[in-house]
Amino acid sequence: MRQVEILRQVWTHHFYWDATGSLRWRDGHELPPTSLRFDSPYDTDAHYCVKNGTEWSGYRAHFTEACDPDLPEVVVHAAATIAPVQDGTLLDQIHADLADLHLLPGEHLVDAAYPTPGRPTASR
């Protein structure tokens, strides 16, 4: 039964048997990586994350907006991932999705979390 397996995983993530045979709560540094554990038995895809001091449990949303000065600013692409997925890992997929939609920008402005040193050269 799925619910029983989820409960088993919650217990495994948060508790352990110590050397004396006592059940103990795991401290934060003893927890599995956030990409492997879920924070809610009601949504096992929701994961804990911290970015720039902001903490949350859930997902990350990535929006691409058209910024042509002669046109309205509209969202032309949206993507959602589990929270631990780093922003930069999505840029290639976002570009591929925009290419499929014939919406590749002449210039793609991104925040500091997306680019890598080799990406500007590779994107040409």
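Only the coordinates and a few stated rules stand behind these numbers; no lab work does. On a predicted model such as this, the values are computed, not experimentally measured, just so you know. Note that each Cβ is placed from the backbone with ideal geometry, even for glycine, and that neighbours are counted across all protein chains shown.
Numerical summary
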item	result
Chymotrypsin sites (Phe, Trp or Tyr not before Pro) lying in DSSP loop within segment 33-91, provided at most 15 other Cβ fall within 10 Å	42
Reported label for calculated mean projected area of the Cα convex hull in nm² given (i) 11.7; (ii) 7.9; (iii) 8.4	(i)
Cα long-axis angle, helix 91-100 against the chain (0 to 90 degrees, to the nearest 10)	50
Gained length - residue 110 relative to residue 73, 0.36 nm times residue gap less alpha-carbon distance	11.8 nm
Label-point separation in nm, residue 92 to residue 15, each point 7 Å along Cα→Cβ	4.3
Rounded tilt (10° steps) of 2-14 against the dominant C-alpha axis of the chain	80
Residue 2/residue 34 FRET efficiency (R0 22 Å; Cβ-Cβ; nearest 0.05)	0.50
GNM top mover of 109, 36, 71 - the chain, alpha-carbon springs below 10 Å	71
Given the chain, longest segment not containing exposed loop GluC sites (Glu not before Pro) (DSSP; at most 11 other Cβ within 10 Å)	1-72
